[in-house]
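The next block holds one structure in the form of structure tokens; read it before the comments.
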Amino acid sequence: MKKQVMWFIGTGKFAALCLEGLIKHNIAFRRIITGLPTRSGRNNQENPSAVELAASALGLTVERTGRLSENAALLQALEEDSPDVIFVADFGQIVREPYLSRMCINIHPSLLPEYRGAAPIQRALLDGRDKTGVTVFRLSAKMDAGDILAQRPIPIQPGCNASDLYESLAAIGSELAAIAAHDESVRTFTPQDDSQATYAPKLDKAEFALEFTMTAKRFTDTVRALDMSGGAYAVIRGKRVKVWRAVVREDITSQTPGQVLECSGNPVISCSDCGIELVEVQAEGRSRTQGSEWARGMRLKHGDTV
């Protein structure tokens with residue numbers, strides 16, 4: 001059997017995890033293509049993509065690209081190198097022809113056609129779902145609408161956050177994609193039902209704000225959803241406090257939203273329906289800390305309104 005030529009195209013953290021998983025499952029890539037580095041800081045420091053960092057750690061070479069469809073060298077390589085399968089994950093660009101005429105396989109962290117778009121893991125958590133999954137499908141011109149090759153659901157366990165799901169779904173998706181890569185006989189595709197499609201747009205800045213007028217579940221779902229996106233925050237005594245871990249306290253009756261109900265350990269603050277325990281927080285300009293330590297520094301007292 002002719003050895004298949006494989007390419008990988010990806011940029012973000014989910015793509016990096018998928019790359020590591022595919023390598024683990026004995027997929028050898030002729031080319032690994034990633035987006036250009038970002039720059040930040042006073043010295044305009046170059047920040048390579050998550051895929052480039054992962055590839056470098058594995059001793060693999062990457063090729064950086066701006067707009068994929070305008071990269072003449074890659075377009076030429078597409079004809080001359082003629083990949084049998086191109087794996088695409090978390091690339092940050094729309095992949096167009098002539099790439100789509102090849103076997104472009106995408107790993108997407110949702111049960112398509114649910115949560116097509118940029119933030120499927122975050123949206124599933126924000127929506128309070130108890131199940132999600134991963135889909136391996138063939139790319140088409142329409143966003144996340146191609147025929148499905150493989151799919152696997154998983155439960156969302158209590159306390160599971162976005163970073164946990166990134167790890168789990170990348171590992172499962174890589175396994176499913178690798179099976180298809182190694183065995184052409186299992187490459188059977190099922191069309192998606194567009195009438196069942198839902199969408200997962202990029203996160204809006206307003207969605208990062210926590211309010212104690214929320215239900216406690218909505219509060220914790222937001223915390224869990226945004227742990228890889230910079231963190232959700234509450235405004236407490238006029239300052240932003242990021243909340244990295246919080247627990248619903250159904251055993252404590254709600255009073256006025258924002259009122260401190262308990263502060264002997266981690267503070268418990270009233271939401272609209274019951275209490276929310278702040279387990280791990282981060283004040284502006286400070287490191288993450290346990291809620292109890294932060295509460296002592298803030299001199300929170302029972303009955304205070306934050």
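A short reminder: the numbers here are calculations on the coordinates, not readings from a lab. Note that the coordinates shown come from a computational prediction; the quantities given were computed from them, not determined experimentally. For neighbour counting, all protein chains shown are included, and Cβ atoms are generated from backbone atoms with ideal geometry for every residue, glycine included.
Give a residue-ordered list of calculated ³J(HN,Hα) values for the range 95-106 (Karplus: 6.51 cos²θ - 1.76 cosθ + 1.60, θ = phi - 60°; whole Hz; x for Gly, Pro).
8, 10, 5, x, 5, 5, 6, 7, 7, 8, 10, 10
What's the exposure ranking of Thr190, Thr215, Thr135, going from fewest to most Cβ atoms within 10 Å? Working shown, then result.
Working: Thr190 11, Thr215 16, Thr135 28.
Sorted ascending by nearby Cβ count, the order is Thr190, Thr215, Thr135.
Listing Met143, Met6 from the residue with the fewest other Cβ atoms within 10 Å to the one with the most, what is the order? Spell out each step's value before the answer.
On the way: Met143 13, Met6 20.
Final ranking by Cβ density, sparse to dense: Met143, Met6.
Identify which of Cys160, Cys18, Cys104 has the largest mean-square fluctuation in a Gaussian network model of the chain, with springs joining Cα atoms closer than 10 Å.
Most flexible of the set in this elastic network: Cys160.
At a 10 Å Cβ-Cβ cut-off, how would you order Leu58, Leu53, fewest neighbours first? Each step should come with its number before you reach the end.
On the way: Leu58 12, Leu53 15.
Ranking Leu58, Leu53 by Cβ neighbours within 10 Å, fewest first, gives Leu58, Leu53.
With Cβ to Cβ distances under 11 Å as the rule, what net charge do the other residues near Ile236 carry (K, R +1; D, E -1)?
Details: positive: Arg237, Lys239, Arg240, Lys242; negative: Glu284, Asp304.
Net of charged neighbours comes to +2.
Would you please give the residues with an amide H less than 5 Å from that of Ala118, counting only those at least 5 places away or on a separate chain, with H modeled from the backbone geometry?
Ala200, Lys202
Can you tell me what share of the DSSP beta bridges in the range 6-196 is antiparallel? A percent to the nearest 5 is fine. Spell out each step's value before the answer.
Numbers: 15 of 29 bridges.
The antiparallel fraction comes to roughly 50 percent.
Can you list the DSSP H helices in the chain whose Cα atoms extend at least 27 Å along the helix axis and whose mean Kyte-Doolittle hydropathy is -0.5 or higher? Don't jump to the answer; show the numbers that get you there.
Details: long enough: 162-182 (29 Å, 0.72).
What comes out of the filter, once short or polar helices are dropped, is 162-182.
Over the range 35-127, calculate the relative contact order: mean separation of alpha carbon pairs under 8 Å at least 6 apart, over the residue count, as a percent.
Numbers: 68 pairs, mean separation 17.0, N = 93.
So the answer I get is 18 percent.
Would you mind telling me which residue in Ala55, Ala232, Ala162 has the biggest mean-square fluctuation in a Gaussian network model of the chain, where springs connect alpha carbons within a distance under 10 angstrom?
Result for the chain, Cα springs under 10 Å: Ala55 fluctuates most.
How would you classify the range 205-298 from its alpha-carbon gyration tensor, with a ≥ b ≥ c the square roots of the eigenvalues: rounded for a/c under 1.5, else prolate if a/b is greater than b/c, otherwise oblate?
Numbers: a/c = 1.61, a/b = 1.15, b/c = 1.40.
It is oblate, given that a/c is not under 1.5 and a/b is not larger than b/c.
In the range 205-298, what % of DSSP beta bridges are antiparallel (nearest 5)?
Details: 21 of 23 bridges.
Of all bridge pairs located within the range 205-298, approximately 90 percent are antiparallel.
With a/c under 1.5 counting as rounded, go ahead and sort the range 6-196 into rounded, prolate or oblate using the C-alpha gyration tensor (a ≥ b ≥ c being the square roots of the eigenvalues; past the cut-off, prolate if a/b is larger than b/c, else oblate). Before the final figure, lay out each step's value.
Values: a/c = 1.57, a/b = 1.17, b/c = 1.34.
Note, shape of the range 6-196 comes out oblate.
Under the rule of at least 5 residues apart or a separate chain, name every residue whose amide H is placed under 5 Å from the amide H of Thr215.
Residues meeting the amide H criterion: Ser272.
Where the centroid of each part is defined by its Cα atoms, how far is the range 259-306 from the range 82-132 in Å?
The range 259-306 and the range 82-132 have Cα centres spaced 38 Å from each other.
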